[in-house]
Structures are given as C-alpha cells and as structure tokens.
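Worksheet: the structure to be examined is printed underneath.
The values are calculated or read from the model by the stated rules, or taken from the named source; none is laboratory data. These figures come from a predicted structure and were not determined experimentally. Cβ: placed from backbone, ideal geometry, glycine included. Neighbour counts: every protein chain shown. Surface accessibility is based on the protein's heavy atoms, side chains included, excluding ligands, DNA and RNA. Shrake-Rupley method; radii C 1.70, N 1.55, O 1.52, S 1.80 Å.
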Amino acid sequence: MIYIKKQNAPKKMIEQVAAIKAEDGWKTAADTDTERLRSYFDQLDKNAIRNALYEEQHGLCAYCMRRIHNDESMVIEHWQPVKKNENDTQWKKDNALAYSNMLGCCDGGKKSDDTRKVLSCDASKSNERIIISPWKKEHIEKIVYRSSGRIATNPYDEELEHDINYVLHLNGKLDENGNIVHDTSTALIKGRREVYQDFSYFMEALGRKYGNDENKIQNGIYKKINEMESAKEYEQFIGVWLFFLRRRVRGARKK
C-alpha cells in the first residue's frame, strides 16, 4: 500500500453530483436505503471517475499495488461503504457520491479458479468499515514489508493489522496463530516476495559496479527511487521497492 494524494473530482462528476443532490429523491432517500443510494452512484459518469483514479494512483490498486487498467475491469471502491453499518457514527450519505471517498481497485481475485480462493482488497472488504487509509501518511509510514512477502506494521498497530489481515486479506489466509496458510488468489505474497528478490539483485549489481564506494551506491539508490516515483505508471508493488531502498539508505547513514 502506498500513499495516495487525493485530487479534485472530475468536473463532469461535480456537475452530476450537484444535479443529483438537488433532486427531492436524493434529499428524501433514507440512510438505510442502500439500493437507492447505489442507484444514484450508478448515474455518475464512471469513465470520468476511472480516468481520475487511474491517474492519481499511477495505475495501481489502492490496497494491494497490483496493476489496474483504465477500463471497466477497475473496481470503483467506496472507502466508507455505501451500506450504513449500524454502529458507524461517522457514516455520511453524501459519501456515496463523494470522489474523496473513492478508490480504484483490482478485482481482488473474483475471477480466479483457485479452489482455495482467498479474495483480497475490495472483493474481501465488501461493506465492512476499515480504519487503514491510503490517504493518511501516518498509516502508510507504519507499513513494513518482510523478505518473505508479508506486509505488517511497525510499530505494531492492532487496528491497522486487523484491516490488513482480516478485512483486506493482504497476507492471504491466516491460521489461528497468525501464520500464513496460503496466498491470495491474486498471489500478493508471491508478488511482494519477487520484488524483494529484484531489490536484492539490484543491490548486488550496484555492489559489482561500485565496489565499496558507498556514495556511488547511495546515488544509484536515489536515482532508482526518483525514476520509480516520477513514472506516470508505477511498477507493481512499488511500495515494497521503496521500503527496502529507503531502509538501505537509512542503514548506511547509521554506520
């Protein structure tokens, strides 16, 4: 998961939302009438929304960092669910139409033929309320990755880990002790582990090229970070790359 800097809603969407909210039907729609609220959301220009989400997320799923495409395969996810949860005191009807509440997601493995299907991201989250948010830097800064492919928090955050493991299922299926039983249907653990291997190969290549010249090695790392972050379309699992690259720089500074 990486930090997403939320942009303004598309102009066309702003106009459509204003028109909807002026209708008596919207004004009288009950908070509990999920079907009706969704019908208003469905009136919006989804192409305009997808274009905006794709651009601000650099072509990656907001939760797992897998590639998404700027077409109907992208899921437009409501961070605060459209369906009101009984104990959710912060729920607002307006968020059904708020671009500030929307994220672009992958299909979470819905199309997988895996007999041990483990859905992730929006597909597993469904109507559940979560705390973790890719719009909050303080959340993203707590996220760490292991060479095994596991995602976790440091310092440990019980609420965020609950969302990661049991709502978004970013670590696949876990047993009662929190050990990974098997990967998600979209192979998230495998994907993150492969990125760690690519990072290791990259560092080995820098070592062969510059030997013990730490300044040149760090310059090579900064160049890699800059190239990745300046790309219009990010590499899959870029958060894993950035975590290990920056950790390597911090480690060198402490010596």
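Considering (1) open to solvent by 30 Å² or more (accessible area, probe 1.4 Å); (2) modelled with pLDDT of 95 or more, the lone condition that residue 239 does not fulfil carries the number (1). Restricted to helices (runs of 4 or more DSSP H) entirely inside the range 9-49, those with at least 2 residues that are over 16 Å from residue 84 (Cα atoms) are 11-21, 24-28.
Taken over the range 212-236, the residue count meeting the criterion of being among the small types (Gly, Ala, Ser) and either modelled with pLDDT under 95 or open to solvent by 60 Å² or more (accessible area, probe 1.4 Å) (or both) is 1. Within the range 181-193, the set of residues being free of Cβ contacts under 8 Å to residues at least 12 places away in the same chain and either on the phi > 0 side of the Ramachandran plot or among the acidic types (Asp, Glu) (or both) comprises 187 only. Within the range 202-222, can one find any residue that is within 14 Å of the chain's Cα centre (by Cα) and in contact (Cβ under 8 Å) with a residue 12 or more places away in the chain? No, there is no match, as no residue in the range 202-222 is within 14 Å of the chain's Cα centre (by Cα) and in contact (Cβ under 8 Å) with a residue 12 or more places away in the chain. Checked against (1) open to solvent by 50 Å² or more (accessible area, probe 1.4 Å); (2) of a type outside the set (Ser, Thr, Tyr); (3) touching a helix residue (DSSP H, G or I) at 6+ places or on another chain (Cβ under 6 Å), residue 79 passes all but condition (1).
Residues in the range 5-48 that are open to solvent by 80 Å² or more (accessible area, probe 1.4 Å) and within 27 Å of the chain's Cα centre (by Cα): 5, 7, 8, 11, 12, 14, 35, 38, 42, 43, 47.
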